[in-house]
Amino acid sequence: MPDTTALTKSTDVPAEAQTPAATDAGPAPGKPRSLWSDAWHDLRRNPLFLISMVLILLLAVMAIFPGLFTSASPRDANLAEHYLQHPKWGNFFAPDWLGYDVQGRSIYARVVYGARASITVGVVVTIAVTLTGLVIGMLAGYFGGWLDTILSRITDVFFGVPFIVGAMVILTTFEERSVWVVILSMAFLGWTSIARVARGSVITIKQADYVVAAKALGASTTRILTRHILPNAIAPVIVVATIALGGYIAAEATLSFLGIGLAEPTVSWGIDVSTAKDQLRNAPYVLVIPSVMVSITVLSFLMFGDAVRNALDPKMR
Amino acid sequence: MAELKKEQEPVDATPHVSEVETVDAATEAEAVAAIDAPVSQGEPILQVRNLVKHFPLTQGILFKKQIGAVKAVDGISFDLYAGETLGIVGESGCGKSTVAKLLMTLERATAGEVFYKGQDITKLSGRALKAVRRNIQMVFQDPYTSLNPRMTVGDIIGEPFDIHPEVAPKGDRRRRVQELLDVVGLNPEYINRYPHQFSGGQRQRIGIARGLALNPEIIICDEPVSALDVSVQAQVINLMEKLQDEFNLSYLFIAHDLSIVRHISDRVGVMYLGKMAEIGTDTQIYDHPTHPYTQALLSAVPVPDPSAREGRERIILTGDVPSPANPPSGCRFRTRCWKAEERCATEEPLLAIPERFVAGTTPASHESACHFAEEKDVVHAA
Amino acid sequence: MTTIDKTAHVPAPRESVSGDGPLLDVRDLHVEFHTRDGVAKAVNGVNYTVSAGETLAVLGESGSGKSVTAQTIMGILDMPPGKITQGEILFRGQDMLKMSNEERRKVRGRKIAMIFQDALSSLNPVLSVGYQLGEMFRVHQGMSRKDAKAKSIELMDQVKIPAAAARISDYPHQFSGGMRQRIMIAMALALEPDLIIADEPTTALDVTVQAQVMDLLAELQREYNMGLILITHDLGVVADVADKIAVMYAGRIVETAPVGELYSRPAHPYTKGLLDSIPRLDQKGQELYAIKGLPPNLTRIPAGCAFSPRCPKAQDICRTDVPPLAPVTEQDGLELVGRGSACHFWKETIHG
């Protein structure tokens, strides 16, 4: 009965001033609750999120420290001994566990080392795309007028280019295609959806009274954008970005498979799937294993994005 | 607490001015000096002259062509005196909120002037404008959208100090914010909470604390209690009255609730379709209205007292407020007015003391924009 | 297809059925919401009745449970998170909570209609007003397109929309706020319901338009001999049209009274506080009386009387025992018809 304390106090000061949150406020009066802590509360209880998080962490460790998972090198080719050697399913985590490919390289080692390319491309493209899209979307949405007209038309033009076809066109112009070339070409085409989401979100937020209040105080444009607009407009952008991450990993695999993404000697699941397609009949595992890895990775990020969206989207509550 | 008092302002202002003068723009420094100078009680602190705001209506996507204008505010003039509360009432679309935005320089006036201590704020920019903004603050209608949900209460109330760092040294800010919370009747320990942990009334107190932070002289209140529950409205109104006495504030109190406006205001202006229909002291407007619109507005207010309403005459207007994009010629109220004649359509009535009342000293002798102004008490039972 | 002549047709069947008992009888209704912050007890034992031709005003602030009660009656409560834990809603003696979905749908919509606060969001923006009005007749009464249109114009005339025939193909956004609320009223009236629930029907409107709409509502209610539940937070609005008032606080009815009596002699400290806290138009007061504190959090309603933490009269008993809605009498014990107060100290409040 904390509320009764109010009764003994003087009447001229409102009781709300004296009873610390006894009459209202949330269940844990001492603890501030924000959108992010609410979202975290939801996420921790979401099995989808937990599973995807475990998988993503595992993949991340694999990408950073592949040596922890296997002692074999992905580039050691021993045609004489291991040409299309079948998997020995019982030898967990041994180099011959998942068998050898057509050049006599350990598939397990290649799968482990291939994670780095996929994760790097996915994460870096997402970061680049989010930053570019956010800046363009915020400028267009906040300033409006001719700047918005120009930026929005540019966005439309880029949005109209089919992603894979566009990336193919760009990549074919490069002789040497490193991870960074692939990342750049994908980021160059991918920022449009983020820009659109950010623009829409900013247009809604900029009309809020707290933005008007900041203007009335004489706040600078930079301050309004960074302190008021960005923190409130970011949630939908993060949702789109996390879901897009899985898509970029799939796109990298696709491009590499088509032979215009990453190229040897880079280790990539997409390349492995591509080289394995000729042996599909006599050695299907050579193709299936890297494909499954791509699927698991993409699925993990999609599930992660889905969980984040559910947690951040107030309409779902 | 003493730092918050207005008396300290002149002391504060002197070193500030000398610092400004070292800057090359001497005129700007003069403007800042004028803005920071004190105004004695009863002098006009804000003078609005023929203020006009037209929002252009455009057509076409690429080449925009103006096809008309929404005449939101169409030539209004009034004075706000130091230490008083001027109430502005009117229905939605009458332009009262646009007036608030113009006075806050959130919108650029199409024409007209707003003199704040002799400086026309519609033409200021840079440092001088910033100085004006420090002295004119605003309290918003909706306590749910006027506070940034991602900022703590401490950050919200402290933001004015970040923008105007000369007002409070950095180490002092937390203490100042806690003092402000205390002043508006909130527990200073709430400093690290987020807005959504508070009720509407408490949020409005936070908004008021933010408005007070810079020791302003004028606070423009745009429907500050209309989003609150009845039992909480009274608390906030009492708080605002207390703060006015304590800090010698001038209020421009914009609202549609005529009872609350009467309670808090010293003078009241009635707006209709971008024009001021009638303006005077609260007694002149409420007990001796001479403009038919004021009379209709007052008579339509539901009174929660069946015994008081029995003898009251109710004027029920027909139709709606016309569009401000296409207002009627002559008197704007004529389309709904029971007194309208030929003259009302052709000749626009000016806001002035009606001829028949000019000589007298009756309470009916106040400014009213009607050709056929006559006194009629609609509030008291016959 | 016969066109129905309203004035001749309407009163006849009503008199026969409404002879005995109220139209709507809400008994001991309890509604909770299961949220992350706990169980919010929105309605905690509400009882009220409405008869044909009667207007009941349900007065309360946000969170008092006035709108949740109405939503429960209309069957538009979101479940989950809402949950009806107890109670009956009798419409002409039949418990709507026990009806099959099909039966309930027949009652709601045809016999009970609702008017919302925000007319713009309640009307479909991409369909013309005439289409939306006509739909009621086409779907529920199987009228032809032409007849439905004629009926729609007739209805729009009845709610006093000028030039109804010309405006029938206009879209909702082309009407002003007051006109849109009239269209909402017309839609509610279309099937000639027995009961209309109006949830803050004039809150979004300007004062001068408010008066028009309230007058219209009162006039149509008399004409159709309907029951009307008027949900509002505005003590001023109800004074004109209501017959009786139920004041709600924290999910309970704290006071009931015929309209005049409530204002002149409130019997609950909350009602008294509300009346005192409203500034008067016809006199300039000093400091406003303010009820201290805030309405309670519905997940943690104070023990005993929910109003006790804010009540100037509260004693120890108020913090432990929930006061029942007791009949209010004159000092000499003479019963005051229709009056009740859920306060341990109602005698002191009304007579003291």
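The values are calculated or read from the model by the stated rules, or taken from the named source; none is laboratory data. Everything quoted here is computed from the prediction, not taken from an experiment. Glycine gets a Cβ as well: all are built from the backbone with ideal geometry, and neighbour counts include every protein chain shown. Remember, those area values only see protein heavy atoms, side chains included, never the ligands or the DNA or RNA. Shrake-Rupley method; radii C 1.70, N 1.55, O 1.52, S 1.80 Å.
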Just to be sure I understand the model, the point goes 7 Å from the Cα along the line to the Cβ. What's the resulting B:LYS339 to B:ALA352 distance in nm? 1.7
When the Karplus curve 6.51 cos²θ - 1.76 cosθ + 1.60 is applied with θ = phi - 60°, which whole-Hz ³J(HN,Hα) does each residue of segment C:235-250 get, with x for Gly and Pro? 4, x, 4, 6, 4, 6, 10, 6, 8, 9, 10, 10, 9, 10, 8, 6
Whole-Hz ³J(HN,Hα) from phi, Karplus 6.51 cos²θ - 1.76 cosθ + 1.60, for segment B:46-58, glycine and proline x: 9, 10, 9, 10, 6, 5, 10, 9, 10, 9, x, 9, 10
Reachable aspartates and glutamates from A:LYS88, criterion Cα separation under 17 angstrom, eight or more residues apart if same chain: A:ASP96, A:ASP101
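For peptide B:81-90, what's the mean number of Cβ atoms from other chains within 10 Å of each residue's Cβ?
0
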Here the percent of antiparallel bridges among DSSP beta bridges lying wholly in segment B:175-302, to the nearest 5, is 55
Could you list the GluC sites (Glu not before Pro) in segment C:226-305 that lie in coil according to DSSP, counting only those with at most 15 other Cβ atoms within 10 Å of their Cβ? C:GLU287
Please enumerate, by chain and number, the aspartates and glutamates with C-alpha under 17 Å from the C-alpha of C:LYS66, excluding those fewer than 8 residues away in the same chain. B:ASP229, C:ASP25, C:ASP28, C:GLU32, C:ASP78, C:GLU88, C:ASP118, C:ASP199, C:GLU200, C:ASP234, C:GLU255
What shape does segment C:248-351 have by the C-alpha gyration tensor, where a ≥ b ≥ c are the square roots of the eigenvalues, rounded means a/c under 1.5, and otherwise prolate means a/b greater than b/c and oblate the rest? oblate
Set Lys and Arg Cβ to +1 and Asp and Glu Cβ to -1, take the dipole of segment B:283-368 about its Cα centre, and tell me which of B:PRO328, B:TYR286, B:ALA364 lies farthest positive. B:PRO328
Anisotropy class of the protein assembly as shown from Cα gyration tensor, a/c 1.5 cut: prolate
Starting from the amide H of B:ASP320, placed 1.01 Å from N in the peptide plane, find each other amide H under 5 Å away whose residue is 5 or more places distant or on another chain. none
Which lysines have a Cα less than 17 Å from the Cα of C:LYS272, not counting those fewer than 8 places away in the same chain? C:LYS244, C:LYS292, C:LYS313, C:LYS347
Whole-Å distance linking the alpha carbon centroid of segment B:130-155 with that of segment C:22-68 is 36
Around C:VAL39 (Cβ within 13 Å, Cβ-to-Cβ, excluding C:VAL39; K/R +1, D/E -1) the net charge comes to +2
Please return the longest range in chain B lying between exposed loop sites, taking chymotrypsin sites (Phe, Trp or Tyr not before Pro), DSSP loop only, at most 10 other beta-carbon atoms within 10 Å, and leaving the sites out. B:64-337
Which Cα, out of C:MET96, C:GLY293, C:VAL237, lies furthest along the positive dipole direction of the protein assembly as shown (beta carbon charges, K/R +1, D/E -1)? C:MET96
How big is segment B:283-368 by Rg and Dmax over its Cα atoms, in Å? 14.9, 42
Looking only at other chains, what is the average number of their beta-carbon atoms within 10 angstrom of each beta-carbon in C:306-313? 3
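Just tell me the longest site-free run in chain B, where the sites are trypsin sites (Lys or Arg not before Pro) in a DSSP loop having at most 16 other beta-carbon atoms within 10 Å. Don't skip to the end; give the middle numbers.
Working: sites that count: B:LYS5, B:LYS64, B:ARG108, B:ARG314, B:LYS339.
That would be B:109-313.
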With +1 on the Cβ of every Lys and Arg and -1 on the Cβ of every Asp and Glu, the dipole magnitude of the protein assembly as shown about its Cα centre, in debye rounded to the nearest 20, is 2920
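Could you grab the Rg to Rh ratio for segment C:6-242? Cα atoms only, Kirkwood for Rh. Kindly include the intermediate steps, with their values, before the conclusion.
Working: Rg = 17.8 Å, Rh = 18.5 Å.
Rounded to two decimals, Rg over Rh is 0.96.
Estimate the FRET efficiency between A:TRP146 and C:SER121 by the formula 1/(1 + (r/R0)^6), using the beta-carbon distance for r and 25 Å for R0, to the nearest 0.05.
Numbers: r = 33 Å, r/R0 = 1.34.
With R0 = 25 Å, the Cβ-Cβ based efficiency is 0.15.
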Under the definition of Cα pairs under 8 Å and six or more residues apart, what whole-number percent is the relative contact order of segment C:248-351? 34
Which percent, nearest 5, of DSSP beta bridges in chain B are antiparallel? 60
Taking R0 as 60 Å, what FRET efficiency do you get between A:ARG44 and C:ARG280 from their Cβ-Cβ distance, rounded to the nearest 0.05? 0.65
Residues of chain A: accessible area per residue with a 1.4 Å probe, Å²: 47
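With a 10 Å radius around each residue's Cβ, average the other Cβ atoms per peptide and rank A:256-267, A:131-142, highest first.
Working: A:256-267: 19.2, A:131-142: 21.5.
Listed from highest to lowest mean packing, they are A:131-142, A:256-267.
Taking K and R as +1 and D and E as -1, what net charge do the other residues with C-beta under 14 Å from the C-beta of C:GLY251 add up to?
+2
Within a Cβ distance under 13 Å of C:LEU127, other residues only, what is the Lys/Arg minus Asp/Glu net charge?
Net of charged neighbours comes to -1.
From the cross-link list B:LYS117/B:LYS170; B:LYS96/B:LYS123; B:LYS376/C:LYS160; B:LYS242/C:LYS41; C:LYS98/C:LYS151, which pairs have alpha carbons spaced over 26 Å apart?
Values: B:LYS117/B:LYS170 30 Å; B:LYS96/B:LYS123 21 Å; B:LYS376/C:LYS160 29 Å; B:LYS242/C:LYS41 36 Å; C:LYS98/C:LYS151 34 Å.
Correct reply: B:LYS117/B:LYS170; B:LYS376/C:LYS160; B:LYS242/C:LYS41; C:LYS98/C:LYS151.
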Quick note, chain A: a/c under 1.5 would make it rounded; otherwise a/b > b/c is prolate and the rest oblate (a ≥ b ≥ c, C-alpha gyration tensor); here it is oblate
Considering only the protein assembly as shown, what is the antiparallel percent among its DSSP beta bridges, to the nearest 5? 60
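What's the buried accessible area, both sides, between C and B using a 1.4 Å probe, rounded to 100 Å²? Intermediate results must be reported in sequence, preceding the final value.
Details: alone 17140 and 17830 Å², together 31380 Å².
Using a 1.4 Å probe, the pair buries roughly 3600 Å².
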